Amino acid sequence: MPDLTEKKTAEEIPAQRGADTAAAKPEKARSLGSDAWHDLRRKPIFVISALLILLLIVIAIAPGLFTSADPRAGDLRLHYLTKPNYSHFFQADWFGYDLQGRSIYARVIYGARASVVVGICVTAGVTILGGITGMLAGYFGGWIDTIISRVTDIFFGIPLLLGALVILNAFTSRTIWSVVFALVALGWTQMTRVMRGSVITVKQADFVTAAKALGAGTSRILWKHILPNALAPVIVVATIALGGYIATEATLSFLGIGLQDPTISWGIDINTAQKVIRTAPYALFFPAGMLSLTVLAFIMLGDAVRDALDPKLR
Amino acid sequence: MGSYVLRRVLQMIPVFFGTTLLIFLMVYTLPGDPVTALFGEKAADPAVVASIKHQYYLDQPVWKQYLHYMGNLFQGDFGTSFTGRPVSDIMANAFPVTIRLALLAFVFELVLGLALGLVSGLRRGSIQDTLVLVLTLVVISIPVFVLAYIAQTIFATNLGWVTPTVQDSRDLSQLILPAIVLGSLSLAYVARLTRTSIGENLRADYIRTAVAKGLPRRTIVSRHLLRNSLIPVVTFLGTDLGALMGGAIVTEGIFNVQGVGNVLYRAINQKEGPTVVGIVTVLVIVYLVASLLVDLLYAVLDPRIRYA
């Protein structure tokens, strides 16, 4: 168990902190955060998923590092029936060509950006929006809680996919940002509920009473005492939800109501490929596999983080 | 008990109005004019547009439209679609199909999900447990439309066990494959929830007592362990029934099931306001009633929970 008293003293007197870490003994008490990090580094599932996500982010930032082919250059002579050349590693014809003679490998690589950007931005949006509303509802209670809770109830009645279809249908040209907007507008209430529940448990803790007794203001209690201690469940739900948002974006693009050409998205490519699923299954397999792998990586990461952060499971 | 139900029903009323108002605003205030769209490429005659708008109350402010709609709704009138067909007629055709599909998927996820969760939860760390964990993880990470194509290719195209798409939705055997695809994601969640819940309850004192009393293993698992572990699973299943009906958009599209999802998808694309609002209203009612039933089921499962 982390020694809370020692951690608090170290925080209270920042000047001593340097000396404290310098003289750190191997059995020094760790905070929940560093304790979790200590656990996580030893978990193969965490290491694998974290490396996978790191690779995905690098691909999203600099797709040019992984392929020299142009994902939008279609050469109709390279018909989709030209079989993939599985020995041509990292070449344009590695995974074959799609209906318009575009390199599937290049499109799989360039498609990562839309998914990663949508996933990260939506998660950041719902965490900030839901975190603030959840914290207000949980800490202040009363009529603020009643209003915010009823609003979350209302949003819960509308399925995410359905609502997103209605909102996105209003846009004549849709970019990554319209998809992000629709998903944040509908998804924030999930985070509100998690944050609210977490804050309600934390605010009854002794250290909050102690801080109040010491005369700490509301904003100080919220930021310095409640937020850091209530954040763990939010981080877990956010990580798992990130994978879900990526899958939702792909589903919307697949249905033709998410991203549009010329944006490259795995969902759009899967939709195009399903027309030739019997003759060229690889055109569907590679974007679908990449999408599943991405979602899998985030869910595994969330699982590992939850195991590390949840003291009940120890 | 009675007063608790009454209080819950009263609490449901603002949520019902809130959710229907939200979907109403989303459908009718977002940009895009459905009436002009009816004319397609042709230039619309302003007089005709105005008359259609008047007929559908679209020339009124949104709050008046909403009140008018709600007034009709409580007399059992869901309005008319822009093609002139009553929305209740459209729903009467689509809902039975989706209910059949959703119930099949529900039974599938309930039975198999509980069984898998039980097997892995009772033997933590065994090969079966790892297998269930890996399997559910894979199912969770493969998006449903990819899963649908995989299932279609394997079971219909390659093995020829079923027809690739549903030709007659009254035939339950044709609905089995779409139902399995539809229920697979929830199946994985049910299995994982059951596993976690059983794992927690296995360490409970009452289980040790039951073992010490010398009760047969079967009784311990079914009477003591399973009943106490079911609460989180029931919570999930309750909200899932509504989600299965509304979330079947992708599955119904791929397998050509002429149910609510298909109708809804088309209606959203064609900006068929009355149809979208009507179907979503029914789905909201299903969701609210299901969550009420779940709360009442808690008391049945756990006698410690009492509703005064």
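Here are some notes:
- Residue within the stretch A:54-74 that is open to solvent by 50 Å² or more (accessible area, probe 1.4 Å), part of a helix (DSSP H, G or I), in contact (Cβ under 8 Å) with a residue 12 or more places away in the chain and touching a helix residue (DSSP H, G or I) at 6+ places or on another chain (Cβ under 7 Å) present: yes
- The residues on offer are B:ARG217, B:ARG227, and the sole one that is at pLDDT 85 or above, charged (D, E, K, R) and open to solvent by 10 Å² or more (accessible area, probe 1.4 Å) is B:ARG217.
- When the criteria are applied in full, B:SER222 fails the requirement of being surrounded by 17 or more Cβ atoms within 10 Å (Cβ to Cβ) and closer than 30 Å to B:ASP302 by Cα.
- When the stretch B:1-27 is filtered for residues that are open to solvent by less than 50 Å² (accessible area, probe 1.4 Å) and within 14 Å of another protein chain (Cβ to nearest Cβ), the ones remaining, listed by number, are B:ARG8, B:MET12, B:VAL15, B:PHE16, B:GLY18, B:THR19, B:THR20, B:LEU22, B:ILE23, B:PHE24, B:MET26, B:VAL27.
- Only one of the listed residues (A:ILE264, A:ILE270, A:ILE277) is over 25 Å from A:TRP188 (Cβ atoms), at pLDDT below 90 and open to solvent by 20 Å² or more (accessible area, probe 1.4 Å). That residue is A:ILE277.
- The set of residues from the stretch A:162-176 being without any contact (Cβ under 8 Å) to a residue 24 or more places away in the chain and either surrounded by fewer than 18 Cβ atoms within 10 Å (Cβ to Cβ) or of a type in the set (A, V, I, L, M, F, W, C) (or both) comprises A:LEU162, A:VAL166, A:ILE167, A:ALA170, A:PHE171, A:THR172.
- Residue within the stretch B:236-249 that is within 14 Å of chain A (Cβ to nearest Cβ), touching a Lys or Arg at 6+ places or on another chain (Cβ under 8 Å) and under 21 Å from A:ILE167 (Cα atoms) present: no
- Hits in the stretch A:139-155 (condition: more than 8 Å from chain B (Cβ to nearest Cβ), hydrophobic (A, V, I, L, M, F, W, C) and open to solvent by 30 Å² or more (accessible area, probe 1.4 Å)): A:PHE140, A:TRP143, A:ILE144, A:ILE147
- Taking first residues from the stretch A:87-113 that are of a type in the set (D, E, K, R) and partners that are part of a loop (DSSP other than H, G, I, E, B) and open to solvent by less than 30 Å² (accessible area, probe 1.4 Å), the Cβ contacts under 6 Å between residues at least 6 apart in sequence or on separate chains come to A:ARG107/A:PRO71; A:ARG107/A:ILE264.
- The listed residues are B:LEU230, B:LEU182, B:LEU202, B:LEU187, and the only one of them that is touching a residue at least 24 places away in the same chain (Cβ under 8 Å), among the aliphatic types (A, V, I, L, M) and over 22 Å from B:GLN128 (Cβ atoms) turns out to be B:LEU182.
- Criterion: open to solvent by less than 10 Å² (accessible area, probe 1.4 Å) and closer than 19 Å to B:ALA92 by Cβ - qualifying residue of B:VAL260, B:VAL250: B:VAL260
- Residue within the stretch B:114-132 that is open to solvent by less than 50 Å² (accessible area, probe 1.4 Å) and under 18 Å from the mean Cα position of the chain (by Cα) present: no
- A:TYR245 vs. criteria in contact (Cβ under 8 Å) with a residue 60 or more places away in the chain, more than 9 Å from every other protein chain (Cβ to nearest Cβ), surrounded by 23 or more Cβ atoms within 10 Å (Cβ to Cβ) and aromatic (Phe, Trp, Tyr): yes
- In the stretch A:280-290, the residue that is modelled with the highest pLDDT out of those that are closer than 17 Å to A:ASN85 by Cα and within 11 Å of chain B (Cβ to nearest Cβ) is A:PRO287.
- A:GLY134 vs. criteria modelled with pLDDT under 90 and open to solvent by less than 10 Å² (accessible area, probe 1.4 Å): no
- Among the conditions (1) open to solvent by less than 20 Å² (accessible area, probe 1.4 Å); (2) of a type outside the set (D, E, K, R); (3) away from every other protein chain (no Cβ under 14 Å); (4) in a helix (DSSP H, G or I), B:VAL166 misses just one, which is (4).
- Count of residues meeting criterion [crowded, with 19+ Cβ neighbours inside 10 Å and either among the hydroxyl-bearing types (Ser, Thr, Tyr) or not in a helix (DSSP H, G or I) (or both)] in the stretch A:94-123: 11
- Residue check: B:VAL139 meets all listed conditions (1) within 14 Å of chain A (Cβ to nearest Cβ); (2) surrounded by 22 or more Cβ atoms within 10 Å (Cβ to Cβ) but one, namely (2).
- Here the condition is being open to solvent by less than 20 Å² (accessible area, probe 1.4 Å) and in contact with a Gly (Cβ under 7 Å, 6 or more places away or on another chain); of B:GLY183, B:GLY199, it holds for B:GLY199 alone.
The values are calculated or read from the model by the stated rules, or taken from the named source; none is laboratory data. Because the structure is predicted, anything quoted here is derived from the model rather than measured. All Cβ positions, even for glycine, are placed from backbone atoms using ideal geometry, and neighbour counts span all protein chains on display. Note: areas computed on protein heavy atoms with side chains; ligands, DNA, RNA excluded. Shrake-Rupley method; radii C 1.70, N 1.55, O 1.52, S 1.80 Å.
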